[in-house]
Amino acid sequence: MMKPKVAVLSGFGINCETETMAVFEMAGATADRVHVNRLVMGTTQLSDYQIMAIPGGFSFGDHLGSGRLLGNRLRFGLREEVREFVSAGNPVIGICNGFQVLVKMGLLPGDDQVSLTQTASLALNDSGHYENRWATLEFDQASPCIWTNGLERIRVPVRHGEGKFVTDDPNLMDKWTESGQLVARYVDPSDEYPSAGDETLPYPISPNQSWRNVAGVCNPSGMVFGMMPHPEANHSTWLGATWTREETEHGEGEGMAIFHNAVRHVLRV
């Protein structure tokens, strides 16, 4: 069976493409580094791929807000190609800066029409500074998200200065909760599963003070997923912050399940 092809975007300050390519290849896919301009200029076709990934980094130096300029680059320079790719049921993931891009171009939380209308944002962390620490995430088992299927909790690092998920319409939070789109939340690892709630957890359990502790969201179809923490940064057990104190054999890290899910989904359809 042919391996799924993943377009891992690069350029303009994206700097996590190498590790993002690596985890997809570890999961059984073939990953290409694709400069954004190649897609916008038409020298590379998004339709040649089955998965698109927007990695972390500092696209355009975070000028005018994290992810804003790259989001506009894709929203207006690649509008129809992105809409067709998503409407065709192809998985898309944005990690950290990539999540900011997907939110600010309107692909997340998104809608059934893939209208690319922005309805949320990632604001400055309440701490007022860049957060670089480990966090525990809990996943909504009722979510349609194909990326998080079967996951309960994972530990992953956060590395961001603007990760507070907000919206100017609080009623949308209820809508997204009911539809399972608020798929990943920060939780206290000492609490029993499930424990994700709406009340904002104290810092640093919630490193940015996102509304309802949101760490990641999906679109209504569950095919497009974005998260602020870095699952690709926990691809092996020896990358974990506490692995030397645990009875764990060397092997795949907790973050790999997300990439395996996407590759398995493509192979099944």
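What to note about this one:
- Of the residues making up region 173-194, just one is over 14 Å from CYS218 (Cα atoms), not charged (D, E, K, R) and not in a loop (DSSP other than H, G, I, E, B), namely TYR186.
- Hits in region 18-38 (condition: assigned to a helix (DSSP H, G or I) and either small (Gly, Ala, Ser) or within 20 Å of ASN72 (Cβ to Cβ) (or both)): ALA22, VAL36, ASN37, ARG38
- Just one of the listed residues (THR167, THR136, THR177) is of a type outside the set (A, V, I, L, M, F, W, C) and under 23 Å from ALA241 (Cβ atoms), namely THR136.
- Qualifying position, being surrounded by 19 or more Cβ atoms within 10 Å (Cβ to Cβ) and among the acidic types (Asp, Glu), among GLU246, GLU199, GLU162, GLU178: GLU162
- Residues that are within 29 Å of ASP198 (Cα to Cα) and either free of Cβ contacts under 8 Å to residues at least 40 places away in the same chain or part of a helix (DSSP H, G or I) (or both) within region 213-259 comprise ASN213, PRO231, GLU232, ALA233, ASN234, THR242, GLY253, MET256, ALA257, ILE258, PHE259, listed in sequence order.
- All positions within region 13-54 that are buried (at least 22 other Cβ atoms within 10 Å of the Cβ), small (Gly, Ala, Ser) and either at pLDDT below 95 or in contact with a Pro (Cβ under 8 Å, 6 or more places away or on another chain) (or both): ALA29
- Single residue of ASN261, ASN219 found to be at pLDDT 95 or above and touching a Gly at 6+ places or on another chain (Cβ under 7 Å): ASN219
- Any hit, region 233-252, residues being of a type in the set (Ser, Thr, Tyr) and modelled with pLDDT of 95 or more: no
The values are calculated or read from the model by the stated rules, or taken from the named source; none is laboratory data. Owing to the predicted nature of the structure, the values given are computational and were not obtained by experimental measurement. With ideal geometry, Cβ positions are generated from the backbone for all residues, glycine too; neighbour counts draw on all protein chains shown.
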